[in-house]
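The values are calculated or read from the model by the stated rules, or taken from the named source; none is laboratory data. Because the structure is predicted, anything quoted here is derived from the model rather than measured. Positions of Cβ are generated from backbone atoms using ideal geometry, with glycine treated the same way; all protein chains shown enter the neighbour counts. What goes into the accessible areas is simple: the full protein's heavy atoms, side chains included, and nothing from ligands, DNA or RNA. Shrake-Rupley method; radii C 1.70, N 1.55, O 1.52, S 1.80 Å.
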Amino acid sequence: MRFEFLVALRYLRAKRQQAFISVISLLSVLGVALGVAALIIVLGVMNGFSENLRDKILGLNAHIVVGSHTGTIADYQDMAGDLEEIAGVRGATPFIYSEVMLSTPSGVKGVVLRGIDPQGAKQVLGLDQEMVQGGVLDLEIEKDFPGLIIGQELAANLRAGTGDTVNVMAPSGEGTSAGFTPSITTFDVRGVFRTGMYEYDTSFAYTTINDAQELMGFTRDVVSGMELRVHDADRARELSERVSEKLGGYPYYVRNWKEMNENLFAALELEKIAMGIILAMIILVGSFSIITALVMLVMEKTRDIAILMSMGTTRRMIRNIFVLLGLMIGGLGTALGFAVGLGGCYILENYKFIRLPADVYFMEYLPVLLHTSDLIIIAVAAMVLCFLATIYPARKASGLNPSEALRHE
């Protein structure tokens, strides 16, 4: 292929008799480069968006949740020990789940109250890494009132910070002559967390299991369920099956984070595929320009092709020359596209100049994450499209009749 490569390189670098062919070749390179760069940047942003969303979800939620159809689980200490013996499970902790009302002189807000074990939660939940005031272990400090941790947005809405008190109204209560009276308990705000997800930061609050049991009026030591964290979050579905086998089925049920957020991540994946296909059309347009440039080049180089064939160059070699020429144009465009795309991703990732409304996108800046597999697919797809664009011009060139081509010269 050395001869074909040298001739193709010469045609690529040679000055054109018709400047229009050079313009089309330049547009072909820019078209492929634009498509490749757009694909890299858009897929990088969508990967970053998905990864950021996943980290936010798993930061405050466990990988696997065990619940009971009876509503509560007793003897949860023994269950936690048994579950932690399963290979791949890093930790297990009990929790209590309830919906309550928080009130201060500045406002009222309905929230999800979760009773947790502060010691066990450090191994299973990422709450401790999201704290901006106080810490999870501060819930265990003995004071006049039980402790509570709330989200930053919730704290702003209620105008309550660390050291302030809030009233918590639970659905449990007792009937009186005046009707049903809900249970109201005063809590001391011990900490504030911030995940960046508006829904979490305005709707979640945490306390200890004992305080949650007392607030909910539980008459015995029971919890709503168990939360598990595994070493590899991507294997959560497989490990949830092992957990189910360990528990023996009914009355327990097991759900993993992929099941609980399946629709969301499936929609993101579908959107990524759709955007990839749409942006690949830009590369396709660039490949059409390659067809135009090569066809016009064949017309310009008809005399040269005829001379080469009369000197012994085979039709296959002629075909290879124009295939290589088209691949050079496509390769140049792909390389330029990678330079622009990777450079754009680097700027977006390090300078963070595109700010997003946190209450809409649950993140402050446009995230970027590049996967090697995506880059390989983009490069291969671009070169395949460019190769397909060379087939017709190459066959046209190799099909020339030397005598007919030279007759009018």
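Do we have any residue at all in segment 378-391 that's part of a helix (DSSP H, G or I), within 21 Å of the chain's Cα centre (by Cα), surrounded by 15 or more Cβ atoms within 10 Å (Cβ to Cβ) and β-branched (Val, Ile, Thr)?
Yes: one or more hits.
Could you list all residues from segment 312-365 that are assigned to a helix (DSSP H, G or I) and of a type in the set (Val, Ile, Thr)?
Of all residues in segment 312-365, those assigned to a helix (DSSP H, G or I) come to 315-351, 358-361.
Ile318, Ile321, Val323, Ile329, Thr334, Val340, Ile347, Val360 - these are the residues of segment 312-365 that are assigned to a helix (DSSP H, G or I) and of a type in the set (Val, Ile, Thr).
Output the residues belonging to segment 134-157 that are more than 14 Å from Lys122 (Cα to Cα), of a type in the set (A, V, I, L, M, F, W, C) and either open to solvent by 50 Å² or more (accessible area, probe 1.4 Å) or assigned to a loop (DSSP other than H, G, I, E, B) (or both).
Ile141, Phe145, Ala156
Restricting attention to segment 242-251, which residues are exposed (fewer than 12 other Cβ atoms within 10 Å of the Cβ) and at pLDDT 90 or above?
Keep residues of segment 242-251 that are exposed (fewer than 12 other Cβ atoms within 10 Å of the Cβ), which gives 245, 248-250.
Within segment 242-251, just Glu245 meets the criteria.
Taking Phe338 as meeting all but one of (1) open to solvent by 50 Å² or more (accessible area, probe 1.4 Å); (2) under 20 Å from Ser287 (Cα atoms), write down the number of the exception.
Among (1) open to solvent by 50 Å² or more (accessible area, probe 1.4 Å); (2) under 20 Å from Ser287 (Cα atoms), Phe338 violates only (1).
Each row is one residue, and each column tells you yes or no for (1) aromatic (Phe, Trp, Tyr); (2) over 29 Å from His231 (Cβ atoms).
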{"residue": "Val7", "(1), (2)": "no, yes"}
{"residue": "Tyr11", "(1), (2)": "yes, yes"}
{"residue": "Ser25", "(1), (2)": "no, yes"}
{"residue": "Met46", "(1), (2)": "no, no"}
{"residue": "Gly59", "(1), (2)": "no, no"}
{"residue": "Asp75", "(1), (2)": "no, no"}
{"residue": "Pro94", "(1), (2)": "no, no"}
{"residue": "Val108", "(1), (2)": "no, yes"}
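Within the set of pairs 6 or more residues apart or between chains, which connect a residue that is assigned to a loop (DSSP other than H, G, I, E, B) inside segment 182-195 to a residue that is β-branched (Val, Ile, Thr) and surrounded by 24 or more Cβ atoms within 10 Å (Cβ to Cβ) with Cβ atoms less than 7 Å apart?
Cβ pairs passing all conditions: none.
Is it true that Pro171 is within 16 Å of Glu99 (Cα to Cα), open to solvent by 70 Å² or more (accessible area, probe 1.4 Å), modelled with pLDDT under 80 and in a strand (DSSP E or B)?
Values: within 16 Å of Glu99 (Cα to Cα): yes; open to solvent by 70 Å² or more (accessible area, probe 1.4 Å): yes; modelled with pLDDT under 80: yes; in a strand (DSSP E or B): yes.
Criteria met by Pro171.
Taking segment 379-398 only, how many residues are at pLDDT 90 or above and charged (D, E, K, R)?
Qualifying residue count for the region: 1.
Answer yes or no as to whether Val254 is among the β-branched types (Val, Ile, Thr), touching a residue at least 24 places away in the same chain (Cβ under 8 Å), farther than 28 Å from Glu153 by Cβ and in a helix (DSSP H, G or I).
So Val254 does not fit the description; no.
Tell me, which residue of segment 226-237 that is in contact (Cβ under 8 Å) with a residue 40 or more places away in the chain and not in a loop (DSSP other than H, G, I, E, B) is farthest from Arg114 (Cα to Cα)?
Taking the candidates together, the pick is Arg235.
Within segment 1-14, restricting attention to residues that are open to solvent by less than 80 Å² (accessible area, probe 1.4 Å), touching a Leu at 6+ places or on another chain (Cβ under 7 Å) and of a type outside the set (Ser, Thr, Tyr), which residue is modelled with the lowest pLDDT?
Only one residue tops the list, namely Leu12.
Could you say which residue among Arg114, Arg90 is in a strand (DSSP E or B) and more than 20 Å from Thr202 (Cα to Cα)?
Details: Arg114 fails: more than 20 Å from Thr202 (Cα to Cα).
Arg90 is the lone residue from the list that is in a strand (DSSP E or B) and more than 20 Å from Thr202 (Cα to Cα).
Would you be able to say whether some residue in segment 15-29 is within 30 Å of Tyr365 (Cα to Cα) and either touching a Lys or Arg at 6+ places or on another chain (Cβ under 9 Å) or modelled with pLDDT of 85 or more (or both)?
Looking for residues that are within 30 Å of Tyr365 (Cα to Cα) and either touching a Lys or Arg at 6+ places or on another chain (Cβ under 9 Å) or modelled with pLDDT of 85 or more (or both), one finds none in segment 15-29, hence no.
For segment 27-77, which positions are in a helix (DSSP H, G or I) and of a type in the set (Ser, Thr, Tyr)?
Ser28, Ser50, Tyr76
Only one of these conditions is not met by Ile86: (1) surrounded by 17 or more Cβ atoms within 10 Å (Cβ to Cβ); (2) at pLDDT 90 or above. Which number is it?
Answer for Ile86: the failing condition is (1).
Out of the residues in segment 346-370 meeting the condition of being exposed (fewer than 15 other Cβ atoms within 10 Å of the Cβ) and touching a helix residue (DSSP H, G or I) at 6+ places or on another chain (Cβ under 6 Å), tell me which one is nearest to Arg315 (Cα to Cα).
Only one residue tops the list, namely Glu364.
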